[in-house]
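Taking it in order: structure first as structure tokens, then the write-up.
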Amino acid sequence: MANLYDLKKFDLNLLVIFECIYQHLSISKAAESLFITPSAVSQSLQRLRTQLNDPLFIRAGKGITPTTIAVNLHHHLDNNLNQIEKTLQLMSRTDLARKFIVYAPQLIILDPVKNLFNIFEQEPNLLIEHHDMLIAQQSAEDLLNYRKADLVITTTPSTNLSVVCQPLQSFRLIPICRRAHPRLKETVTLEQLLSESTVSYVVDDPILKSIQVDSHPYFQERKVSFRSSSVFALMNMISNSDLVGFLPDLVYEYFKDFLQLKALLTPVPSPTVTLYMIYNRTSLNNTSFAEFISRISVL
DNA sequence: TTTGTGTCTCTTGATACCAC
DNA sequence: GTGGTATCAAGAGACACAAA
């Protein structure tokens, strides 16, 4: 492994200038190709001479000739500089595989979050890593500050000036049960709803928590028989039992036929939740990310 | 984050060296 | 002497770093 401390002390640009002088065997021609003055090249050569304790080039008539040390240095540098150039070219390629870490609710199957991932899929070398935002231990701002996430989709907006926060989509939490429920028709009273056992979503999200606690007396009075941090486990339980649950209308529309679910019309007002898309303002310096965000904005 | 300071690299202009 | 090239000296601007 390279001794990075020693490399830090050495001005690697001097080697580039050296190689340019060697290729042209002329200070002025090297300066011309590097778009600097001959004096600057000469001074850089002087610094390299001091570092390596060798004149490297000796004046010969109107030009200069390399010393044996310079010939050897060129021999070793040639391949290495070519390798560095190839690495830089590789890094600048736009089709290089890129990895984006997205913290989002489990609702990634839904619009428009689903559309976001469709956009990613159009980029063949893009790797998407998804984490469940609703059970994340850190806030969106912390995830972005510590570069643990490139994009966060959450229910809590941010006013931090270092991040960009924009509304993505709103959805309603509606009561649902299985279609073959023996007691509940499409329209039910509050008393009927309270007489049924329910499922509850275990979540750390402050907005969803406040809905479960404050939005309506029903949520405090209901009898909870099954709790889970998995939206899909809740839906599966509702589909295969007489339990009732409040789930996003988007989830219901997507799974209602597959899981044989039924939406209930109740006097309980449906809480509305808004999803926000948050990302670091500086991330826009990344061309791929900026393009991705611009494409989301036109959805 | 801002500010002050030292260092580095560059340019400009002048000078030295060499071939013709 | 002239022209081409390398080098030196001084100053300007950029940058790194430490302190507030």
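Each value in this text was obtained by applying a stated rule to the coordinates, not by laboratory testing. None of the values given here were measured: they were computed from a predicted structure. As a convention, Cβ positions derive from the backbone with ideal geometry for all residues, glycine included, and neighbour counts pool all protein chains shown.
Miscellaneous remarks
- Taking the Cα centre of the range A:4-92 as reference, the dipole from Cβ charges on Lys and Arg (+1) and Asp and Glu (-1) amounts to some 220 debye.
- Overall form of the range A:149-216 per C-alpha gyration tensor (a/c, 1.5; a/b vs b/c): prolate
- Eligible lysines near A:Lys29 by straight Cα distance, threshold 25 Å, same-chain separation 8 or greater: A:Lys62, A:Lys86
- Bridging of A:Lys262 to lysines at a Cα separation below 27 Å is possible for A:Lys114, A:Lys185, A:Lys209, A:Lys223, once same-chain residues fewer than 8 apart are set aside.
- As a length-normalised measure over Cα pairs under 8 Å and 6 or more apart, the relative contact order of the range A:4-92 settles at 23 percent.
- In a simple Cβ point-charge model (Lys, Arg +1; Asp, Glu -1; nothing else charged), the range A:169-274 has a dipole of about 240 debye relative to its Cα centre.
- Protection proxy ranking, highest mean first, for peptides A:241-254, A:75-88, A:12-25: A:241-254, A:12-25, A:75-88, where packing is the per-residue count of other beta-carbon atoms within 10 Å, averaged.
- Relative contact order for the range A:169-274: 52 percent, from Cα pairs under 8 Å spaced at least 6 residues apart, divided by residue count.
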